[in-house]
């Protein structure tokens, strides 16, 4: 099943258009600026929204930056879930599933996505000393994990998933090795990408979808 995007879900829940526009403005700015480079003045200038409106919808400017990070985090993983949903719906056998997931892994695990992985880890790192950020990101992470767990549960019902692996465990493990690729992203000497994909294929074939 494809998951709702963060924007669609918030719109359904009645997020105010002004609040949504401010979040989207920061989301776009983060494509080419760091958090430290984004100022309230720049956001207000681009969005055309008044300072009074900003502080009506957010406790402070930091909250706006936090929610923009949560949305970017959500958008990346939600897009990944959409790809997985399409793959799982299209395959009928274990062999087809493994072949398709091998192709998907080459995309998800590509070195070119290093910045995205680091950005997600950065967002996660901020929850330790920020209860507000922890609550916002935690709620989104729960939704994402449960969505992946549901996808795996469906595969188990079709006789493709590992019956001994709890769906939530599978969901967390999938995210862990995908995001864990970042451990090598910022080092001086990088591992061989083909060998990493081989390691991923072993997890897919022998843990997620073992032969009967």
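Here, each number is a calculation from the coordinates, and none is a lab measurement. What you see is a predicted model, and the numbers here were worked out from it, not measured in a lab. Don't worry about glycine lacking a Cβ; one is built from the backbone with ideal geometry, like all the others, and counts go over all protein chains shown.
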With all distinct Cα pairs included, what does the Kirkwood hydrodynamic radius of region 46-108 come out to in Å, to one decimal, could you say? 14.8 Å
Could you state the number of Å between the C-alpha centres of region 28-51 and region 71-89? 27 Å
Over the chain, what relative contact order in percent results from Cα pairs under 8 Å that are six or more residues apart? 22 percent
Sorted by Cβ neighbour density within 10 Å, fewest at the top, the residues 177, 55, 152: 55, 177, 152
Please work out whether region 92-212 counts as rounded, prolate or oblate from its C-alpha gyration tensor, where a ≥ b ≥ c are the square roots of the eigenvalues and a/c under 1.5 means rounded, while otherwise a/b larger than b/c means prolate and anything else oblate? oblate
Just the projected area, averaged over all directions, of the convex hull on the alpha carbon atoms of region 159-212: how many nm²? 4.0 nm²
Gap separating the Cα centres of region 108-129 and region 136-212, nearest whole Å: 16 Å
